[in-house]
1. Any idea how far the Cα center of the range 159-206 sits from the one of the range 220-280, in Å?
2. When the chain is treated as a GNM, springs tying every alpha-carbon pair under 10 Å, which of Val140, Val260, Val198 comes out with the largest mean-square fluctuation?
3. I'd like the orientation of helix 173-187 relative to the chain: the angle between its Cα long axis and the longest Cα principal axis, in ° from 0 to 90, rounded to 10.
4. Taking 27 Å as the cut-off for C-alpha to C-alpha distance, list the pairs among Lys144/Lys280; Lys250/Lys271; Lys63/Lys218; Lys144/Lys250; Lys144/Lys229 that go past it.
5. What do you get for GluC sites (Glu not before Pro) in the range 204-283 restricted to DSSP loop and a cutoff of at most 16 other Cβ within 10 Å of the site's Cβ?
6. Looking at the chain as a GNM with Cα springs under 10 Å, which of Leu14, Leu61, Leu189 has the largest mean-square fluctuation?
7. Assigning unit charges at the beta carbon (Lys, Arg +1; Asp, Glu -1) and nothing else, what dipole magnitude in debye, to the nearest 20, does the chain show about its Cα centre?
8. So if the hydrodynamic radius of the chain is defined as the Kirkwood radius over C-alpha pairs, what does Stokes-Einstein give as its diffusion coefficient at 37 °C and 0.692 mPa s, in µm² per second?
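Each reported figure results from applying straightforward, stated rules to the coordinates on display, with no laboratory input. All values derive from a computational prediction rather than experimental measurement. Note: ideal-geometry Cβ built from the backbone for every residue, glycine included; neighbour counts use all protein chains shown.
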Amino acid sequence: MKKSSNEIQALITLLGDDDDHVRDIARDRLLQIGQDAEEYLRAATFADLEGKVRIEARHVLEKIRIDDLIGSFYVLGLREDDQIDLEHAAFLLARIGYPNLQITPCRQELDRLAGVIAPRLAHLNPRREGRQIIETVNRVLFEKEGFSGNVEEYYDPDNSYLNCVLERRTGIPVSLSVVYLLIAQRLHLPVRGVNMPVHFICQYHTPQESFYFDPFNKGRVITRAECAKMLQGSGQAFADEYLRPVRSRKILARMVRNLVWIYYQREDQPKADLFDRILKMLRMPE
């Protein structure tokens, strides 16, 4: 049953009560109300109220948002692989780090980038001129637009949030590959993600032409032998299966796994646990 605004406001006021038990009850009831309480909680975080109310309202609001996102990942994890939209999932992940994220401007930036590239590809045949196509895309993304691998701050969690990658023009192999994949999708190019251990890459593939390239290193084309050498240099044995293209679930799981490790290394156990929980949801279907 939907609560009235007066009831919600009264519960928010009780967040500042001196009695811990009363505060706990108010907090639990607001969490049960969920999204219907968000507007009022948001107002409380800016209102000229007792500091305790503002702090508690902020915590409750954050918990409601996280629970809502967790629910979205739960639903996502239940879908078949071909039903998972990589773009939607990547922005869903970004909202964990940036709850107030406005996704529309991010999508518009991807549209704009694709729009800049499209006229440059008009004279090329995607089935037979893949290398020229990738070289053209590379010139726009890495030379004109300034995207690059974040070598200096490789373990910054913002490298895994798509909104930050688009804004800062830098990321890690998997996040830069996701940008490349989403732009390729808009341009109807046969680009696929390759979940190679240690270093995520992409593949351009048609019946007439197939090759790998590395968005982290400005889209450089790399051979199978170079992939094997890269793995061996990291103490990883090479296997052909590592160069098979993967679907959205595994790409998203790679991004989440990175965040689990990053927050664990930063000793931020609550966030590490949160992303580990999301990772388990993504593994649900066998």
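1. 13 Å
2. Answer for the Gaussian network model of the chain: Val198.
3. On a 0 to 90 degree scale, this one is about 80.
4. Details: Lys144/Lys280 39 Å; Lys250/Lys271 20 Å; Lys63/Lys218 39 Å; Lys144/Lys250 30 Å; Lys144/Lys229 30 Å.
Result: Lys144/Lys280; Lys63/Lys218; Lys144/Lys250; Lys144/Lys229 exceed 27 Å.
5. Working: sites: Glu209, Glu226, Glu241, Glu267; in loops: Glu267.
When the GluC sites (Glu not before Pro) of the range 204-283 are filtered for loop state and at most 16 Cβ neighbours within 10 Å, Glu267 remain.
6. Of Leu14, Leu61, Leu189, the Gaussian network model singles out Leu14 as fluctuating most.
7. Numbers: 40 positive and 42 negative charges, 266 e Å.
Dipole size: approximately 1280 debye.
8. Details: Rh = 21.0 Å.
Answer from the Stokes-Einstein relation: 156 µm²/s.
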